[in-house]
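**Student:** I have a structure I would like to understand better, so I am pasting it below and will then ask my questions one at a time.
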Amino acid sequence: MSKPSISLVVLALITVGAVIAYGAWRNAFYVTIEHTDVHPSPDPLDDLTLVDDRLEDLRPDFDPQRVDRRDYEGWQINHSAAVIQLDCPDIRPDRDTAMLRLYATYADAIRESESSGLMVLPSANMLDGFAKQFDDGLYAALDLACFRGDAGFSPSAVDFVEALFSALPPDSQARGFLAAALQLADRPVQLDAHQQAATENWLEEFQADPSRSKPISFYTWNDDLRRVWKFFRFLQHGFEHANVAIPREIADVLASDETLRRDYLELIDFYSKLTNPADGLNLDQLIGADAELADLARQHNVLLPVVSVLPASTSRESELFNRLFSTGTAAQTNLMVELIRQIRSGDVDLTPRQDSGWYDHQIHALETMLLPTRGKESQKLLLTAKYKRRLIQAFQAMITKRRETHARQLGRIEATAAVPPRKIRPRLRVEPCATFYLRTARSYAFLESFLQVNGDADLGQLHGWREDGQRESDLQTELPSMKQVFYGFYLLACEDIGLAPELSDEEAVDVDAAYSAAEAWLADLAHRDLAVDTRVSVPVLYDPVVNTTRLWATLGVRMVKLDAKYVRPPQMRENPQSPWQVVEADRLGDVSYVIAVDEFAEFSLPGRQTLTRKQLRELADGHPSKQAILDALSTTATNGK
């Protein structure tokens, strides 16, 4: 070996030795710390100001009569002066991988969590998801009943339109328009060549706009519901002032036929209560009025200066977005965050109006998700900023699901031992969103009262629907049952936190029956309605400036941690003859639950495209996370699929 080669080998050995020596020296004096970032990813909600509640602001009074009906290891407990803190701790990606997974159903998420030894607490989302299945089936049944004229709630919408068509003069422009609606209802009529061409033009225009013509929500369940979607959506066409001749010709028919006019007003009133009042003018408001549509809209206090045969319904979010984006683009605005901000600021008030329909009552139930202090339970719960964020996330998913139920009717927007227990912990049976449960029960009470006003109506003839057929119970049985179980959830939530229920005499609630109904429901979470795929999307706004449709969607169910602990102690006693004693701080414990929540997303699709449930779910099935789903949607949009 040459001397240069020997030198290189020696140098290499010296270098290796130096590296080994340095490593030994470094390990002797330094410790390597692995850090896992537990902060949540940036979220559109980050710019909302959320702070922890202050305990000194909460001082509920002690009521010796408010005793939890459940014994606590042989002792009685009284939460009336107690305060429970709720928090949602951060998820650590390195330890809580199961919390990042999305499930198609609540049942799947619950089963996986229970098999892992986690304590599952029914969330407001989950109870709302249970209600969603009933709501979808109920709306499907009522929409079909109105379409066909079943059960006496209203005249058959198809028969009514056919009668209108027959009453029109032979040369009326409106014949082609109404004939198109009847063709969509599978009720074709005879036309001359000119009118047939007009009908085909109307149908071609309708079919070219998938945001109007493409059935979504539960309307994809069967052919009858698809016809219902297309028929009513077509008749929601908004005629502007320049094209008002057709609706005026139809209005003239109504003005000359009192029976048809009465039937028409019944249809308008039915949907104004089933969903909400109209977002534009109806035909009756044209009768005897020669004013501009804009003036008539102001006179009748409707959102849009257009007239429809059967107008769509308005909503608080529609009113807000129309105000914000009627003259500009929404491209840089997160619609959900803007809606939340406006509700939290008080600029949008969710309180039902005198003429509000069921949808307004349903959305009012969500108010305390954004404004917790408006719920009576706020004096009993100390909420951390992280838990307040969780409530806002619940609101996002719940309003999406409620809007999706009403998707067809809601208008489009253009732009025993003596030894006490060692540890006293909160015992929650449901997420303590008491006011949400109460207002949901009252929304069912509103709907039940509305449907019973018509003496000819018979809920016993109708069954709600599922995707695979009719629900087992008739609506005469199931609607009061839903009302009762949500009153029960309210009573349980009140008792869990020591809040006195507030029920009016007019509500006539059988407290014991409601309590029992809720307990029975919670005793077995293997409900069929919880095993239904939760993933839905609904279009919210079309922005013509960038030619995109904004959608809200729930992409799946995931589990979230919920920690509860007393921050002001309850009181306990051994028996009714014993005095109440404040539980000492060192005997208070906390409890950790997991709750099933919906993953919300807002995204855009090109043009007026929408997604059916099937399309969204097939796409989501191949992608395990929210970001992966959104990336796939973006790719789909880019490729124009």
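The values are calculated or read from the model by the stated rules, or taken from the named source; none is laboratory data. Keep in mind the model is a prediction, meaning the values are calculated, not measured. We place every Cβ from the backbone using ideal geometry, glycine too, and count neighbours over all the protein chains shown.
**Student:** Look at residue 215 and say whether it is at pLDDT below 95 and closer than 28 Å to residue 548 by Cα.
**Tutor:** no
**Student:** Consider the range 295-349. How many of its residues are in contact with a helix residue (DSSP H, G or I) (Cβ under 8 Å, 6 or more places away or on another chain) and among the aromatic types (Phe, Trp, Tyr)?
**Tutor:** Adding up the residues that qualify gives 1.
**Student:** Hey, could you check the range 123-160 for residues that are hydroxyl-bearing (Ser, Thr, Tyr) and farther than 17 Å from residue 521 by Cβ and say which is modelled with the highest pLDDT?
**Tutor:** Only one residue tops the list, namely 139.
**Student:** Output the residues belonging to the range 589-608 that are crowded, with 18+ Cβ neighbours inside 10 Å, of a type outside the set (D, E, K, R) and closer than 21 Å to residue 431 by Cβ.
**Tutor:** Across the range 589-608, the qualifying residues are 593, 594, 595, 596, 597, 600.
**Student:** Does the range 534-543 contain at least one residue that is surrounded by fewer than 21 Cβ atoms within 10 Å (Cβ to Cβ), of a type in the set (Lys, Arg) and in the same structural domain as residue 426 (by TED's automatic domain parsing)?
**Tutor:** Taking every residue of the range 534-543 in turn, none turns out to be surrounded by fewer than 21 Cβ atoms within 10 Å (Cβ to Cβ), of a type in the set (Lys, Arg) and in the same structural domain as residue 426 (by TED's automatic domain parsing).
**Student:** Still on this structure, I have one more. Test each condition in (1) touching a strand residue (DSSP E or B) at 6+ places or on another chain (Cβ under 6 Å); (2) buried (at least 21 other Cβ atoms within 10 Å of the Cβ) for residue 317 and report the one that comes out false.
**Tutor:** Checking residue 317 against (1) touching a strand residue (DSSP E or B) at 6+ places or on another chain (Cβ under 6 Å); (2) buried (at least 21 other Cβ atoms within 10 Å of the Cβ), the one that fails is (1).
**Student:** Still on this model: Quick check on the range 358-369. Is at least one of its residues part of a loop (DSSP other than H, G, I, E, B) and more than 17 Å from residue 131 (Cβ to Cβ)?
**Tutor:** Within the range 358-369, none of the residues are part of a loop (DSSP other than H, G, I, E, B) and more than 17 Å from residue 131 (Cβ to Cβ).
**Student:** Tell me, yes or no, whether the range 378-390 has at least one residue that is among the small types (Gly, Ala, Ser), in contact with a helix residue (DSSP H, G or I) (Cβ under 9 Å, 6 or more places away or on another chain), farther than 18 Å from residue 136 by Cα and surrounded by fewer than 23 Cβ atoms within 10 Å (Cβ to Cβ).
**Tutor:** yes
**Student:** Can you give me the number of residues within the range 329-349 that are buried (at least 21 other Cβ atoms within 10 Å of the Cβ) and not in a helix (DSSP H, G or I)?
**Tutor:** Number of matching residues: 1.
**Student:** Here's something else I'd like to know. Given the structure, is residue 228 at pLDDT 95 or above, within 30 Å of residue 465 (Cβ to Cβ) and not charged (D, E, K, R)?
**Tutor:** Taking the combined requirement at face value, the residue satisfies it.
**Student:** For residue 444, all conditions in the list (1) at pLDDT below 95; (2) of a type in the set (Phe, Trp, Tyr); (3) surrounded by 24 or more Cβ atoms within 10 Å (Cβ to Cβ) hold save one; what is the number of the exception?
**Tutor:** (1)
Yes/no matrix, rows are residues, columns are (1) farther than 17 Å from residue 310 by Cβ; (2) under 29 Å from the mean Cα position of the chain (by Cα); (3) among the hydroxyl-bearing types (Ser, Thr, Tyr); (4) not in a loop (DSSP other than H, G, I, E, B):
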| position | (1), (2), (3), (4) |
| --- | --- |
| 194 | yes, no, no, yes |
| 201 | yes, no, no, yes |
| 237 | no, yes, no, no |
| 247 | no, no, no, yes |
| 291 | yes, no, no, no |
| 299 | yes, no, no, yes |
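**Student:** Please give the helices (runs of 4 or more DSSP H) falling wholly within the range 60-177 in which 1 or more residues are of a type in the set (S, T, N, Q) and crowded, with 19+ Cβ neighbours inside 10 Å.
**Tutor:** In the range 60-177, 106-115, 124-148 are the helices (runs of 4 or more DSSP H) which contain 1 or more residues that are of a type in the set (S, T, N, Q) and crowded, with 19+ Cβ neighbours inside 10 Å.
**Student:** Right, next: Check residue 400 against each of (1) over 14 Å from the mean Cα position of the chain (by Cα); (2) part of a helix (DSSP H, G or I) and name the one condition it does not meet.
**Tutor:** For residue 400, the exception is condition (1).
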